[in-house]
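J.: I have a structure here, written as structure tokens, and I will follow up with some questions on it.
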Amino acid sequence: MSQSSLEPNHEPNHELGDRLTQLRDDERRRAMRGLLMQPLLYADHPAYRLVKRHIDWLRDWLNRETRWDLRLEADFARLAKTAPEHDDGSRAARPGKRPVDLDFTRRRYALLCLVLAGLERGEMQSTLGRLGKAAMDQSAEPGVVASGLVFELRTQEDRRDLVAVVRLLLNLGVLVRVAGSEDAYIKNESKDVLYDIDRHVLSALLVTRRGPSLVGTLEQPADTLDRRIGAISARFVADTPEARNRELRQRLTERLLDDPVLYYGELDEDERAYLFNQRHAIVQRIQEATGLVPEMRAEGIAMVDPDGELADQRMPSEGTEGHITLLLAGHLAERLSQDRAESWTSLHAAYRGWTEQFGRYWKKAAKEPDAGPSFCREAAERLASLGLARIEADGVRPLPAIARYAVEAPRISRVSKIG
């Protein structure tokens, strides 16, 4: 018997090691994707146990590649995401998934802050009426009055705004409905609703590095609202080349993870220069950690999810609104080369043509004579939230990524007869 035949065969062990490494990497990707999909991830979510298992690796990656913190509790995990840009109003919160659940406005966001402040001072239970009363009391404070916010519960519109805020808190798990109906309350203020309050989750909602009360007041002439918003999430960056480059890398990684498309034209000179030099390394690290696939074009970069799970809005989507959005995208894509905004008048005219052609497939409300402006506006806002267009004062400007929705005229090739 030869000596070589007595030596152990390590090949199966190598295969097992490779397989275990693949399983580990897959679990880490699923954990990261779960956090990106739901930054407030509850223990009953399938990804929670993976987050718990790989918490050290996740924290290390997020600390190195982004400026986001990760908090793990017994009943939830909280990814403390902060927006890289504070002036992007194209992706507002929505209280639910129903078409009637309209996106949040600035008024609703302000009301949300008032309700959260009331919850912080409240008990373990509250009612919808008490939440509204607490918000009204706080809206009467001089600082709120000076902002122009007026909130009362006299009209259904006021109560509808309050219900939108409460439904968002229900979705987040801050409130748990015990009895009652929000729809009934909108119609009649006396039809109250009772909630349990999860104060543990409530404490994890606010994501800031400085308390808002420590930033100053708008009474100071040089202190604008934008500066105050930036100040509560800003963090110290040492004045060294290494620290500045790390800050650039982290900010760009955040935008690639959070934004549908990152256009080079939106970056400042330092960001653009750094991304040009480091884009392959940055997107490779993102791809390995999340499974997102980079699509790099002359105008910018998009991290595409092949499974379509990480997008909060799908394009194309089903239903009348989805069809109108797709038609608008095709219309704007054909005008991309003109490098200007398409006027609302032109879009409304196009909508009338779509109604004649496709109206028999749409719901009734979309075929009303005056439906064009509202449905065009909603479709444009959906495209803006996906980085495909920008809404301007005089119309909608198509952005380069919308080119993928351009529709070519059908071409019929000649086929010779056989026989």
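J.: Let me confirm something: among D183, D158, which residue is within 27 Å of the chain's Cα centre (by Cα), surrounded by fewer than 21 Cβ atoms within 10 Å (Cβ to Cβ), more than 19 Å from L116 (Cα to Cα) and acidic (D, E)?
T.: When all the criteria are applied, what remains is D183.
J.: So, of the residues in the stretch 388-405 that are at pLDDT 90 or above and assigned to a loop (DSSP other than H, G, I, E, B), which turns out to be surrounded by the fewest Cβ atoms within 10 Å (Cβ to Cβ)?
T.: Within the stretch 388-405, the match that is surrounded by the fewest Cβ atoms within 10 Å (Cβ to Cβ) is L399.
J.: Name the single residue, out of those in the stretch 223-267 being in a loop (DSSP other than H, G, I, E, B) and under 21 Å from the mean Cα position of the chain (by Cα), that is modelled with the lowest pLDDT.
T.: My answer is A234.
J.: Now for a different question. Considering only the stretch 334-386, state which residues are under 25 Å from R404 (Cβ atoms) and open to solvent by 70 Å² or more (accessible area, probe 1.4 Å).
T.: Listed by number, the residues that qualify are E334, S337, Q338, D339, R340, Q357, Y361, R377, E381.
J.: With the structure loaded, tell me whether G330 is open to solvent by less than 40 Å² (accessible area, probe 1.4 Å), assigned to a helix (DSSP H, G or I), under 17 Å from A389 (Cβ atoms) and free of Cβ contacts under 8 Å to residues at least 24 places away in the same chain or whether it fails that test. Reasoning before the result, please.
T.: Details: open to solvent by less than 40 Å² (accessible area, probe 1.4 Å): yes; assigned to a helix (DSSP H, G or I): yes; under 17 Å from A389 (Cβ atoms): yes; free of Cβ contacts under 8 Å to residues at least 24 places away in the same chain: no.
Taking the combined requirement at face value, the residue does not satisfy it.
J.: Filter the stretch 58-87 for residues that are closer than 23 Å to Q278 by Cα, surrounded by 15 or more Cβ atoms within 10 Å (Cβ to Cβ) and free of Cβ contacts under 8 Å to residues at least 60 places away in the same chain and give the result.
T.: Hits for the stretch 58-87 are L58, R59, L62.
J.: On to the next question. Within the stretch 253-292, which residues are among the hydroxyl-bearing types (S, T, Y) and closer than 23 Å to I402 by Cα? Step through it out loud before you land on a result.
T.: Pass one, the stretch 253-292, residues among the hydroxyl-bearing types (S, T, Y): 253, 263-264, 274, 290.
Listed by number, the residues that qualify are T253, Y263, Y264.
J.: Same structure, new question: E299 is checked against (1) surrounded by fewer than 14 Cβ atoms within 10 Å (Cβ to Cβ); (2) touching a helix residue (DSSP H, G or I) at 6+ places or on another chain (Cβ under 8 Å) and fails just one. What number does that condition carry?
T.: (1)
J.: Check whether at least one residue in the stretch 128-141 is closer than 23 Å to A204 by Cα, in a helix (DSSP H, G or I) and out of contact with any helix residue (DSSP H, G or I) (no Cβ under 6 Å at 6 or more places or on another chain), and report yes or no.
T.: There is at least one residue in the stretch 128-141 that is closer than 23 Å to A204 by Cα, in a helix (DSSP H, G or I) and out of contact with any helix residue (DSSP H, G or I) (no Cβ under 6 Å at 6 or more places or on another chain).
J.: I'd like to verify a number: residues in the stretch 134-144 that are over 30 Å from the mean Cα position of the chain (by Cα) and of a type in the set (A, V, I, L, M), how many?
T.: So the answer is 1.
The values are calculated or read from the model by the stated rules, or taken from the named source; none is laboratory data. If you're wondering where the values come from, they're calculated on a predicted model, not measured in any experiment. All Cβ positions, glycine included, derive from the backbone under ideal geometry; neighbour counts span all protein chains shown. Calculation scope for accessible area: heavy atoms of the full protein, side chains included, ligands and nucleic acids excluded. Shrake-Rupley method; radii C 1.70, N 1.55, O 1.52, S 1.80 Å.
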